[in-house]
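Below you will find the structure I want to go over with you.
The values are calculated or read from the model by the stated rules, or taken from the named source; none is laboratory data. Given the structure is predicted, the values throughout are model-derived calculations rather than measurements. Cβ: placed from backbone, ideal geometry, glycine included. Neighbour counts: every protein chain shown.
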Amino acid sequence: MKEPTFRTAPAPDSFEPAGPANFRPVNFASDNVTGVAPEIMEAIAEANAPQGAWPYGNDDVTGGLNGRFSELFDTEARVYPVATGTAANALCLSLIAQPFNTVYCLKHGHTYEDEGGAPEFYTNGAKLVPVPAADGKMTAAALEAAIVDVGGGGARLPHVMEAAAVSIAQVNECGTVYSVDEIRDICAVARANGLFVHLDGARFANAVAALGCEPSDMTWRAGIDLMSFGATKNGAMAAEAVVLFNDDLEDTLSQRRMRGGHLFSKMRFLSAQLARYIQDGLWLQLAANANAMAERLSAGLAEIDDVTIDYPVDANMIFARIPGDTAERLRDSGFEFYDWGDPDRPNIRLVCAFNTEADDVDRFVEAARR
């Protein structure tokens, strides 16, 4: 079982296609390099009604989100749209952690490594405590050990910061997916220690599509109190949401969102994306394509002798170790991706998206094989 290595993001100009003029460049760097799903774009256009709408979320589309998401999750849910996943995560954590609290999260998780101190800023100083990962997952045993090690409670108060919350990501940073039982076990440890549990669901659709379960099964039924519901990486233009399953957490969220700069005056354009996203199963259709293309890509790469797949490909991300000359050849052929490790034998990250095509996957595999 492995933990992810530190990654090196390519500079913006490295995304310039290097292949032949007649070769359509393909970017596997992430699922946010893509455009917007046509259905989502149509919903944005429909929200652009000439007569306008009430601002600050007082429009009909935003007003209907609680009902739509409550139906999706089979429970009463409270929905607060925001523009970015970082804002959603940080706002969520600000609701469950005070400045003198600790939040347990993965050592190489997005919340701990990739949000520029936003969780600490929004919580006004809460401490993030890293927990070791196994294939990108927190385990109930590792969480229990971390709680014991840090000792955030009991007789040591007030000399230590008091434990308050746990944050996990589904899909996680290694592209693996927690089973429902794994989430339930983590939540059980959290509950036994009086902690809230937050789910970072930037790629939640990919996880639901992969497991084939109900959204409720891996959220509130398992013990999740609140989540960051992602759409941007799966076909939306810019739309995420804080979703609450615990009514006790809502009191200050409206004010926190305003203070954090995410109360959009034209909120309907975010809400329209979310409403269409979950309508008629669109979100799962888009995610299913991304997952299927990743499975196809992984299967093709696994047949190449000098390529190694590092983690189980549960959703739409692949981490592959390839020779340096192969990586260079792929880029020269017009493909883009992130380097994620040793430059002499790169651990590259490949991410498939809602609109990834089988032909692009097959051409990548063929180029890697040459």
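Output the number of the condition that L301 fails; it satisfies all remaining conditions of (1) in contact with a Phe, Trp or Tyr (Cβ under 7 Å, 6 or more places away or on another chain); (2) outside any loop (DSSP other than H, G, I, E, B); (3) not assigned by TED's automatic domain parsing to the domain that holds V208.
(1)
Another question about this same structure. Scan A83, A45 and give me the residue that is farther than 24 Å from S216 by Cβ and under 18 Å from the mean Cα position of the chain (by Cα).
A83
Return the pairs, sorted by first residue and then second, in which the second residue is of a type outside the set (A, V, I, L, M) and in a loop (DSSP other than H, G, I, E, B), the first residue lies in the stretch 195-212 and is within 12 Å of S167 (Cβ to Cβ), the beta carbons are less than 7 Å apart, and the residues are 6+ apart or on different chains.
From the stretch 195-212, the pairs are F196/D225; V197/G223; V197/D225; H198/D225; L199/Q170; L199/T219; G201/Q170.
Across the stretch 195-232, which residue is surrounded by the fewest Cβ atoms within 10 Å (Cβ to Cβ) among those that are under 17 Å from L282 (Cβ atoms) and touching a Gly at 6+ places or on another chain (Cβ under 8 Å)?
T232
Then there's this: Scan the stretch 240-252 and tell me whether some residue there is at pLDDT 95 or above, crowded, with 24+ Cβ neighbours inside 10 Å, within 17 Å of A202 (Cβ to Cβ) and not assigned by TED's automatic domain parsing to the domain that holds S70.
No, the stretch 240-252 has no match at all.
So which residues in the stretch 213-229 are of a type in the set (G, A, S) and under 13 Å from E182 (Cα atoms), if there are any at all? It would help to see each step written out before you state the result.
If we filter the stretch 213-229 for residues that are of a type in the set (G, A, S), which is where we start, we get 216, 222-223, 228.
Within the stretch 213-229, A222, G223 meet the criteria.
Given the conditions (1) surrounded by fewer than 23 Cβ atoms within 10 Å (Cβ to Cβ); (2) part of a loop (DSSP other than H, G, I, E, B), report the number of the one that V313 does not fulfil.
Condition (1) is where V313 drops out.
A further question on this structure: Return the only residue of F121, F100 being aromatic (F, W, Y), on the phi < 0 side of the Ramachandran plot, in contact with a strand residue (DSSP E or B) (Cβ under 9 Å, 6 or more places away or on another chain) and not assigned by TED's automatic domain parsing to the domain that holds D310. Spell out how you get there, then give the answer.
Values: F121 fails: in contact with a strand residue (DSSP E or B) (Cβ under 9 Å, 6 or more places away or on another chain).
Criteria check complete, one pass: F100.
For the stretch 333-346: of the residues being acidic (D, E) and at pLDDT below 95, which is surrounded by the most Cβ atoms within 10 Å (Cβ to Cβ)? Step through it out loud before you land on a result.
Taking the stretch 333-346 first, the residues acidic (D, E) are 336, 339, 342, 344.
With the extra rule that they be at pLDDT below 95, the set shrinks to 339, 342, 344.
On the way: D339: 19, D342: 11, D344: 7.
Top of the filtered list is D339.
So which of D185, D181 is in a helix (DSSP H, G or I), surrounded by fewer than 24 Cβ atoms within 10 Å (Cβ to Cβ) and either in contact (Cβ under 8 Å) with a residue 12 or more places away in the chain or in contact with a Lys or Arg (Cβ under 6 Å, 6 or more places away or on another chain) (or both)? Steps first, please.
Values: D181 fails: either in contact (Cβ under 8 Å) with a residue 12 or more places away in the chain or in contact with a Lys or Arg (Cβ under 6 Å, 6 or more places away or on another chain) (or both).
The match here is D185.
For (1) touching a Leu at 6+ places or on another chain (Cβ under 9 Å); (2) closer than 25 Å to G64 by Cβ; (3) of a type in the set (F, W, Y); (4) at pLDDT 95 or above, each residue gets a yes or a no:
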| position | (1), (2), (3), (4) |
| --- | --- |
| M258 | no, yes, no, yes |
| M267 | no, yes, no, yes |
| L274 | yes, yes, no, yes |
| Y277 | yes, yes, yes, yes |
| Q285 | no, yes, no, yes |
| D310 | no, no, no, no |
| F319 | yes, no, yes, yes |
| P323 | no, no, no, no |
